[in-house]
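Inspection log for the structure reproduced underneath, given as structure tokens.
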Amino acid sequence: MDLLKKLRDRTAVVSVIGLGYAGLPLAMAFADAGFSVLGVDVNPRRVDELNRGESPVEDVTEERLRGHLEAGRFRASGDYAALAEADTITISVPTPLGPGHLPDLSFIERAVDGLVPVLRQGQLVVLESTTYPGTTEELIQPRLEAGGRRAGHDFFLGFGPERIDPGGTTSGGLTFADVPKLVAGATPRCLECVAALYETIVRRVVPVSSLKTAEMAKLVENAFRMVNVGFANEVALWCHELGLDAWEVIDAAATKPFGFMAHYPGPGLGGHCIPVDPYYLVWKLKTLDVPARFIELAGEVNRTMPAFVVSKVQTALERRGRPLRGSRVLVLGVAYKRDVADTRESPSLDVLSLLIEHGAEVSYHDPHVPEVTVKLSERALVQAGGAADKEPVQRLERVELYPLAEQADCLVICTDHTAYDWETLASRARLIVDTRNALRSVAAPRAEVVKL
Ligand SMILES: NC(=O)c1ccc[n+]([C@@H]2O[C@H](COP(=O)([O-])OP(=O)(O)OC[C@H]3O[C@@H](n4cnc5c(N)ncnc54)[C@H](O)[C@@H]3O)[C@@H](O)[C@H]2O)c1
């Protein structure tokens, strides 16, 4: 087959639609493998910054991006027409939730509709976006086939879920090539093409029997994490009542060499994927009248965590004779996880909003995030001095860490970025609420430390 040969000898033109946290590292991996890569994005600012060699994603260094731009192995475009020259097209656009926690497939639909006029004989189309089982077969395939073309004959269609670990490469974790790639095809020939594409960039490709199986496997991975983090968070709530240290308990349980996998509590669940994607499955199951009890329960527990954190802050301050109202509270870390700049769905934002609602004097520091917009509840809006017709958001700019870390009545560690010097913070602050056990290796903190 022509496409297989072109993939083998790297003469295929490879393209990626959607150049964000998932799509850009993928495009770079293809360029590293020696392909000529075309990236298409509807955001003109994103296209311009990439073509200037500026990377918006921590896992892609500017040096690497510029190297590929200069060598002519990568270019970004806002024009779908450019895809006519591509042999493979991977779609990596957002799959957020709309109102009522319902799947918003508009980004996928827009990408596929943009693709239809340029689809040509022999092209391979692969969806990477996380979505419910049935999307590729029931939504994408009919649209691509509407003009009379058939998957497996005139073009090839597959699903290969993204498994990127943001911040993983910078914190010494797995590389892109280390993570096995699940692949599925609409037909056996489609599967052969999808597998051949990814064999060029990862060490192990794992084919599964159907598109729906691969879509479901991705959601099970994410739901597994959501449910286990939910369980760890509930363990923290139990340990609070029992007067125990949740981390010590979990670490003790984790010494069992089989049948236990440690997950740890935190201020809630954040990011674009884990708190969001499982609801795609919830929705799909609802259409079949089947409940998704574990996901719903884990979501419920995880959503209570920011309020639990704020109650810890309040109690710790009151013990020191200070009400939360009017106290200076400095939140450390607003990104949803360590060493990334992504604040999407970050529980730190809920902690900030709740602190504002309680009348605290709030500020934040995050080495990766210079400013954030906090969505305020109605009560928080009133506290923040907003009128009913005012937009219920508050923009905050990062403060200097010092001297505020010394002056604040309480520090709240929400994200344990490796850039923080915990020894120094613990020796200079007065009171720290540590939601990540970040201070575990600080032997004699001068500050009073309260764990979750
Ligand atoms: N971020 C992660 O860690 C991660 C991990 C695994 C899977 N995923 C999945 O990957 C998909 C993409 O997520 P992301 O985090 O990269 O999102 P992102 O918001 O970082 O990037 C998406 C990009 O797609 C562009 N875009 C939107 N609609 C488009 C269209 N119609 N045509 C072309 N470009 C378009 C946006 O401008 C943006 O640059 C989602 O389904 C997500 O669930 C993400």
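The values are calculated or read from the model by the stated rules, or taken from the named source; none is laboratory data. On a predicted model such as this, the values are computed, not experimentally measured, just so you know. Ideal geometry is used to build each Cβ from the backbone, glycine not excepted, and the neighbour counts take in all protein chains shown.
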Residue that is surrounded by the most Cβ atoms within 10 Å (Cβ to Cβ), among those in region 1-29 that are within 15 Å of the ligand (Cβ to nearest atom) and in a helix (DSSP H, G or I): 27
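Look through 81, 27 and report the one residue that is farther than 22 Å from residue 136 by Cβ and aliphatic (A, V, I, L, M).
From the options 81, 27, the qualifying one is 81.
Listed here are the residues, each with its yes/no results for (1) part of a loop (DSSP other than H, G, I, E, B); (2) away from the ligand (no atom under 16 Å from the Cβ).
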{"site": "273", "(1), (2)": "yes, no"}
{"site": "291", "(1), (2)": "yes, yes"}
{"site": "299", "(1), (2)": "no, yes"}
{"site": "312", "(1), (2)": "no, yes"}
{"site": "315", "(1), (2)": "no, yes"}
Residue among 405, 438 that is outside any loop (DSSP other than H, G, I, E, B), of a type in the set (Gly, Ala, Ser) and in contact (Cβ under 8 Å) with a residue 12 or more places away in the chain: 405
Meets criteria (more than 9 Å from the ligand (Cβ to nearest atom) and more than 25 Å from the chain's Cα centre (by Cα)) for residue 176: no
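Here is a yes/no grid of residues against (1) surrounded by 22 or more Cβ atoms within 10 Å (Cβ to Cβ); (2) out of contact with any Phe, Trp or Tyr (no Cβ under 7 Å at 6 or more places or on another chain); (3) modelled with pLDDT of 95 or more; (4) farther than 30 Å from residue 298 by Cβ:
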residue	(1), (2), (3), (4)
197	yes, yes, yes, yes
215	yes, no, yes, no
220	no, yes, yes, no
225	no, yes, yes, no
238	no, yes, yes, no
243	no, yes, yes, no
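Residue by residue, here is whether (1) more than 19 Å from the chain's Cα centre (by Cα); (2) at pLDDT 95 or above holds:
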{"site": "39", "(1), (2)": "yes, yes"}
{"site": "53", "(1), (2)": "yes, yes"}
{"site": "63", "(1), (2)": "yes, yes"}
{"site": "75", "(1), (2)": "yes, yes"}
{"site": "78", "(1), (2)": "yes, yes"}
{"site": "88", "(1), (2)": "yes, yes"}
{"site": "95", "(1), (2)": "no, yes"}
{"site": "99", "(1), (2)": "yes, no"}
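Looking for something of a type in the set (A, V, I, L, M, F, W, C), within 11 Å of the ligand (Cβ to nearest atom) and either closer than 23 Å to residue 199 by Cα or part of a helix (DSSP H, G or I) (or both) - is there at least one such residue anywhere in region 43-66? First the steps, then the outcome.
Filtering region 43-66 for residues of a type in the set (A, V, I, L, M, F, W, C) gives 47, 50, 57, 60, 65.
With the extra rule that they be within 11 Å of the ligand (Cβ to nearest atom), the set shrinks to 47, 50, 57.
Okay, now just the ones that are also either closer than 23 Å to residue 199 by Cα or part of a helix (DSSP H, G or I) (or both), so 47, 50.
Yes, region 43-66 has at least one match.
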From the options 391, 345, 400, residue that is in a loop (DSSP other than H, G, I, E, B) and free of Cβ contacts under 8 Å to residues at least 12 places away in the same chain: 391
Filter result (surrounded by fewer than 22 Cβ atoms within 10 Å (Cβ to Cβ) and under 21 Å from residue 237 (Cβ atoms)) within region 395-435: 416
Test result for residue 249, more than 16 Å from the chain's Cα centre (by Cα) and either crowded, with 23+ Cβ neighbours inside 10 Å or outside the structural domain of residue 416 (by TED's automatic domain parsing) (or both): no
Candidates 220, 227, filtered to the one that is under 30 Å from residue 123 (Cα atoms) and not acidic (Asp, Glu): 220
